[in-house]
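Asks: First the structure, which I've put down as structure tokens, then a few questions once you've had a look.
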Amino acid sequence: MPDPERIAARLQALWEIAHGPGGGADRPAYSPAEAQAMRLVADWAVEQQLEPGIDGHGNLWALPSGWTGPLVTSGSHVDTVPDGGRYDGALGTVLGLELARELEDETAAGARAGVLVCAAEEAPRFGAGTVGSRLLVGTLAESALHDLHDAGGTSAADARAEYLAALAELPRVLPPTSRLLAHAEVHVAQRRALRELGVVTRVASPRRFEVLIEGESGHSGEVSMEARHDALAAAAELVLAVEAAALTENPETVATVGTLAVSPGAVSVIPGRARLGIDVRGIDSASLDRLDAAIRARVAELAARRGVAADLQLVRAGEPVGLDQRLADLALATAQRLGIPACETWSGAGHDAQHLAALMPALLLFVPLEGGESHTPHEGASQTGILNAALIAREALRTYRA
């Protein structure tokens, strides 16, 4: 059985590495704190006779010593958002070690179990998430790391180089992609409405747009209201239009205007330029397409009506990802057999499992959220929920046949 005391102690050890001003976990992507967490996980892997190593993308692999046959893996990530929670990423990583311990014998498919912890999963530092897993599967180009920068101007490429240098004592390994049969990721739920263990079958993938609106600046006291071409007023109208368009779609389809930059940014000057960042997500492609079209039409309409120039650019394209139904069915059947309340569900947030699904069948389980909201210091999960997820993931990997 998974050891609840060991799980709690390891979560606490990761929690203590670094804290933000609000008291939450603070291990940014490709940072010294993430590297320290990876070293700690590698040490735990050695304790249970696994061989840890880092691939060129910064992902940690911990595999059975001397085994050259097929593999099943489990794990998550150890980086965090600023002032993040105790469980996000860390829980799946710690449970990955527990599952490798529980699955020391060969699975039904003749595989042995290892751990995969993906690097740089969280987006805040570089404005892009799931970096390690997307590099691994080839959906993010190496060259893109030079174009991603944090608030201090450090590129993701330079940050990764420093991160890898901090992990120089670990062997460099090539990802064993040809040997991978299945992967399981356990994650704390990020949607409070989920009150039982969730077996995820579809994951939203964001479509992100940047809209540049250019009007005319002028003295706020000398240009009449009728004569104005106010870029911020047009942007404000677009914010509400995006919200209204999303409200007409499926409940799982959402849209957020998350950034708004205004120039020249003086209280006595009519804004001449506004730049908006729009994030659209959903698990139904047709719904996403309708919302995409509605936003484009609204941008064109308000630009013509207000006499401003508006340019919309798609900066990230994405389609919903379906996870392996056979693994999901195994997980649901196990839950029913063990009397564990569970349901099939979806994820609006991105996870490494959705990208790893391009390499192998992937299972994603959600432990119900307890206490405060996800991505905050008050994020919580019950011991019962954690152990139930570990049992279900173990049985799904143990019985899965490729």
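The values are calculated or read from the model by the stated rules, or taken from the named source; none is laboratory data. These numbers come from a predicted model, not from an experiment. Here the Cβ is made from the backbone with ideal geometry for all residues, glycine too, and neighbour counts use every protein chain on show. For accessibility, only protein heavy atoms count, side chains too; no ligands or nucleic acids. Shrake-Rupley method; radii C 1.70, N 1.55, O 1.52, S 1.80 Å.
Asks: Please count how many residues of the stretch 264-278 are of a type outside the set (Gly, Ala, Ser) and farther than 16 Å from Leu238 by Cβ. Walk me through it before giving the result.
Replies: Filtering the stretch 264-278 down to residues of a type outside the set (Gly, Ala, Ser) leaves 264, 267, 269-271, 273, 275-276, 278.
Cutting the leftovers down to farther than 16 Å from Leu238 by Cβ gives us 264, 267, 269-270.
Residues meeting the conditions: 4.
Asks: Here are some residues: Arg298, Arg305. Which one is assigned to a helix (DSSP H, G or I), under 23 Å from Ala255 (Cα atoms), among the charged types (D, E, K, R) and open to solvent by 50 Å² or more (accessible area, probe 1.4 Å)?
Replies: Going through Arg298, Arg305 in turn, the sole match is Arg298.
Asks: Something else about it: Answer yes or no: is there a residue in the stretch 191-205 that is in a loop (DSSP other than H, G, I, E, B), touching a His at 6+ places or on another chain (Cβ under 9 Å), open to solvent by 20 Å² or more (accessible area, probe 1.4 Å) and touching a residue at least 60 places away in the same chain (Cβ under 8 Å).
Replies: no
Asks: Check off (1) within 16 Å of the chain's Cα centre (by Cα); (2) among the small types (Gly, Ala, Ser); (3) at pLDDT 95 or above for Ala274 and give me the number that stays unchecked.
Replies: (1)
Asks: Within the stretch 106-149, restricting attention to residues that are touching a strand residue (DSSP E or B) at 6+ places or on another chain (Cβ under 8 Å) and of a type in the set (Asp, Glu), which residue is nearest to Ala13 (Cα to Cα)?
Replies: Selected residue: Glu122.
Asks: How many of the residues making up the stretch 237-255 are over 12 Å from Leu291 (Cα atoms) and either in contact (Cβ under 8 Å) with a residue 12 or more places away in the chain or open to solvent by less than 40 Å² (accessible area, probe 1.4 Å) (or both)?
Replies: The total comes to 4.
Asks: Identify, please: which residue in the stretch 333-378 is assigned to a strand (DSSP E or B) and aliphatic (A, V, I, L, M) and is, among those, surrounded by the most Cβ atoms within 10 Å (Cβ to Cβ)?
Replies: Looking at residues that are assigned to a strand (DSSP E or B) and aliphatic (A, V, I, L, M), I get Leu364.
Asks: Right, here's the next one. Give me the helices (runs of 4 or more DSSP H) completely within the stretch 1-117, filtered to those with at least 2 residues that are in contact with a helix residue (DSSP H, G or I) (Cβ under 8 Å, 6 or more places away or on another chain), in contact (Cβ under 8 Å) with a residue 60 or more places away in the chain and of a type in the set (Lys, Arg), ordered by residue number. Show your work before the answer.
Replies: Working: elements: 4-15, 32-47, 90-102.
Where helices (runs of 4 or more DSSP H) fall fully within the stretch 1-117 and carry at least 2 residues being in contact with a helix residue (DSSP H, G or I) (Cβ under 8 Å, 6 or more places away or on another chain), in contact (Cβ under 8 Å) with a residue 60 or more places away in the chain and of a type in the set (Lys, Arg), they are 4-15.
Table: residues versus (1) of a type in the set (Phe, Trp, Tyr); (2) modelled with pLDDT of 95 or more; (3) out of contact with any Lys or Arg (no Cβ under 9 Å at 6 or more places or on another chain).
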position: Gly114; (1), (2), (3): no, yes, yes
position: Val117; (1), (2), (3): no, yes, yes
position: Glu122; (1), (2), (3): no, yes, no
position: Phe126; (1), (2), (3): yes, yes, yes
position: Ser143; (1), (2), (3): no, yes, yes
position: Asp150; (1), (2), (3): no, yes, no
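Asks: Among the residues of the stretch 149-159, are any in a helix (DSSP H, G or I), surrounded by fewer than 16 Cβ atoms within 10 Å (Cβ to Cβ), at negative phi and without any contact (Cβ under 8 Å) to a residue 24 or more places away in the chain?
Replies: yes
Asks: Right, here's the next one. So which residues in the stretch 115-147 are polar (S, T, N, Q) and crowded, with 23+ Cβ neighbours inside 10 Å? Spell out how you get there, then give the answer.
Replies: Of the residues in the stretch 115-147, the ones polar (S, T, N, Q) are 130, 133, 139, 143.
Of everything in the stretch 115-147, those that are polar (S, T, N, Q) and crowded, with 23+ Cβ neighbours inside 10 Å turn out to be Thr130, Ser133.
Asks: Just to be sure, is Ala297 closer than 25 Å to Ala141 by Cα and modelled with pLDDT of 95 or more?
Replies: no
Asks: Just the residues that are crowded, with 23+ Cβ neighbours inside 10 Å and either more than 18 Å from Leu97 (Cα to Cα) or within 16 Å of the chain's Cα centre (by Cα) (or both), please, taken from the stretch 380-402.
Replies: Correct list: Ala381 only.
Asks: Kindly provide the set of residues from the stretch 88-108 that are under 17 Å from Glu34 (Cβ atoms) and among the small types (Gly, Ala, Ser), ordered by number.
Replies: Selection gives Gly89, Ala90, Gly92, Gly96.
Asks: Of the residues in the stretch 209-236, how many are touching a residue at least 12 places away in the same chain (Cβ under 8 Å), loosely packed, with under 15 Cβ neighbours inside 10 Å and within 18 Å of Arg273 (Cα to Cα)?
Replies: Within the stretch 209-236, residues that are touching a residue at least 12 places away in the same chain (Cβ under 8 Å), loosely packed, with under 15 Cβ neighbours inside 10 Å and within 18 Å of Arg273 (Cα to Cα) number 2.
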